[in-house]
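Undergrad: Have a look at this one.
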Amino acid sequence: MNSGDEQALLNTPYSNADYGVKNSPWHEITVGSGTSLSQALGSFWRAQTAGWLFFALFGFVSRILAFDDLKLAIVLTLSLDTAGFLLTALAHRFFRDRIRHQVSLSIVITAMALSVVAGALQMLVAEMVRNIVHPATTGEFVIGTFTVSFVYYTLIFMGWSLAYLWINAEANALKTQIQNSQVQKAALHAELSQLRSQLDSHFLFNALNTVAMEIPENKHTALEMTNRVAAYLRYSLEHHDQRVCSLMEEIRAVQNYLRIQEIRFENQIECAYDVAPEARLFLVPHLIVQPLVENAVKHGLTSPGQLAIKLRATGNRNELTIVIRNSGRLVNKSHDRPTIGLSNMRRRLELHYPGNHDFSLFQVGEEVVARLNLRGRPCFV
């Protein structure tokens, strides 16, 4: 790619709207169950009503077959299943106020005991109905009604209680998980903001030091450098609320940084860009490329003569590979401490691309090569 093509490429306007990115993607991210309190209560009453309608229908058919008495079956069904609906509604109110955090063994035992009591109450209701509908019924029928009503409804109440407590235990566990996720999300959000502020401060510190060194002897050079710094800071401020941008926007920001370095080293830096058309659309975290270029300048200073930096990007909307080559040699690792920029970048990659990125820095002949591979869209923690 010749210089004219490079300039045309870098001057091509790109906006986040072209890639479906809004100004504040963080505002689109919500962590929660997605169910409001009113929706949860509505779900309970729907399930409660549907369940007891089923029990009423099943009980009505069973009583018709058992007693062969339509009137008795209707009255028993209306009285017993209505009472069951009301008793479990009271149980819902009772347990709801006592299992705010977790279901304990004492609550389970209480639920089983109350189920037995409720079964006994149903047994008494059945006897009252029998006396009203058939006051002259024999004692054998009374015993049968007592036994069937007690066992049948005790089992229903026990099953209802266990299901209710289990659902609440799952809901509370999910609520705790969501709360922990929200706390972790807030912590990671704060960490990302701190990392980004650190990177901005790091760049500004180095740039202003460079400008200060040029002012005494090269006022015009210092002025151009100041303009470049201002352009970079303007870019940073304009993208302050964004967490992603297009690769081409990143490269334009990198241009300002490299131009400052070119002026600083009296045009001893030669830069070349080769960005595939498909890669230009790839969305990357803001200020993710700059540390790679800073690293290239750092290691390039170890070589005599002109520093050559080549940036190549290939990929598509789902995968991006950035390779930056520069003349020079890797600093001896035993004497080199990780730079702020690279340490910062590695941590941000862990947060934005967990398990979906690869970064390597190695020597090939007389060149230092930095290779970054990103897969998929960045996570918004």
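The values are calculated or read from the model by the stated rules, or taken from the named source; none is laboratory data. All of these numbers come straight from a predicted model, not from anything done at the bench. Because the Cβ atoms are built from the backbone with ideal geometry, glycine has one as well, and the counts that use them run over all protein chains shown.
Undergrad: Could you check the range 231-259 and list, in sequence order, the residues that are touching a Phe, Trp or Tyr at 6+ places or on another chain (Cβ under 8 Å) and among the β-branched types (Val, Ile, Thr)?
TA: Ile251
Undergrad: If the Cβ limit is 8 Å and pairs must be 6+ apart or interchain, which residue in the range 45-58 that is within 14 Å of Ile156 (Cα to Cα) pairs with which residue that is among the polar types (S, T, N, Q)?
TA: Gln48/Thr88; Trp52/Thr88; Ala56/Thr77
Undergrad: Then there is this: Looking at the range 45-78, which of its residues are within 17 Å of Tyr164 (Cα to Cα) and surrounded by 15 or more Cβ atoms within 10 Å (Cβ to Cβ)?
TA: Passing the criteria: Gln48, Gly51, Trp52, Phe55.
Undergrad: So is Val103 part of a helix (DSSP H, G or I) and either of a type in the set (Ser, Thr, Tyr) or in the same structural domain as Ser161 (by TED's automatic domain parsing) (or both) or not? Steps first, please.
TA: Numbers: part of a helix (DSSP H, G or I): no; either of a type in the set (Ser, Thr, Tyr) or in the same structural domain as Ser161 (by TED's automatic domain parsing) (or both): yes.
So Val103 does not fit the description; no.
Undergrad: Continuing with this model, one more query. Can you find, within the range 286-329, the residue that is farthest from the chain's Cα centre (by Cα) among those that are of a type in the set (Val, Ile, Thr) and assigned to a strand (DSSP E or B)?
TA: Residues of the range 286-329 of a type in the set (Val, Ile, Thr): 288-289, 293, 297, 302, 309, 314, 321-324.
The next check asks that each one be assigned to a strand (DSSP E or B); those that pass are 309, 314, 321-324.
Numbers: Ile309: 37, Thr314: 28, Thr321: 25, Ile322: 26, Val323: 30, Ile324: 31 Å.
Taking the candidates together, the pick is Ile309.
Undergrad: Next question, about the same structure. In the range 269-285, which residue that is part of a strand (DSSP E or B) and without any contact (Cβ under 8 Å) to a residue 60 or more places away in the chain is surrounded by the most Cβ atoms within 10 Å (Cβ to Cβ)? Even if it seems obvious, please write down each step before you answer.
TA: Restricting attention to the range 269-285, the residues satisfying the condition of being part of a strand (DSSP E or B) are 269-275, 283-285.
From what is left, the residues that are without any contact (Cβ under 8 Å) to a residue 60 or more places away in the chain are 269-271.
Details: Ile269: 21, Glu270: 13, Cys271: 19.
Among those that are part of a strand (DSSP E or B) and without any contact (Cβ under 8 Å) to a residue 60 or more places away in the chain, it is Ile269.
Undergrad: If I go through the range 260-285 residue by residue, how many of them are within 21 Å of Val369 (Cα to Cα) and more than 36 Å from the chain's Cα centre (by Cα)?
TA: The qualifying residues number 7.
Undergrad: Related question: With (1) surrounded by 20 or more Cβ atoms within 10 Å (Cβ to Cβ); (2) modelled with pLDDT of 75 or more; (3) of a type outside the set (S, T, N, Q) as the list, and Arg264 as the residue in question, which single condition is left unmet?
TA: Only one criterion in (1) surrounded by 20 or more Cβ atoms within 10 Å (Cβ to Cβ); (2) modelled with pLDDT of 75 or more; (3) of a type outside the set (S, T, N, Q) is unmet by Arg264, namely (2).
Undergrad: Please enumerate the residues belonging to the range 242-268 that are among the hydrophobic types (A, V, I, L, M, F, W, C) and either at positive phi or in a strand (DSSP E or B) (or both). Steps first, answer last, please.
TA: Step one: of the range 242-268, the residues among the hydrophobic types (A, V, I, L, M, F, W, C) are 244-245, 247-248, 251, 253-254, 258, 260, 263, 265.
Within the range 242-268, Val244, Cys245 meet the criteria.
Undergrad: If I filter the range 244-261 down to residues being within 14 Å of Ala296 (Cβ to Cβ) and of a type outside the set (Val, Ile, Thr), which single residue comes out as surrounded by the fewest Cβ atoms within 10 Å (Cβ to Cβ)?
TA: The residue in question is Gln255.
Undergrad: So which of His202, His189 is under 30 Å from Glu224 (Cβ atoms) and at pLDDT below 70? First the steps, then the outcome.
TA: Values: His189 fails: under 30 Å from Glu224 (Cβ atoms).
The conditions single out His202.
Undergrad: Please specify each residue of the range 91-109 satisfying the condition of being closer than 13 Å to Tyr164 by Cα and touching a helix residue (DSSP H, G or I) at 6+ places or on another chain (Cβ under 9 Å).
TA: Answer for the range 91-109, where residues must be closer than 13 Å to Tyr164 by Cα and touching a helix residue (DSSP H, G or I) at 6+ places or on another chain (Cβ under 9 Å): Ala91, His92, Phe94, Phe95, Arg96, Arg98, Ile99, Gln102, Val103, Ile107, Val108.
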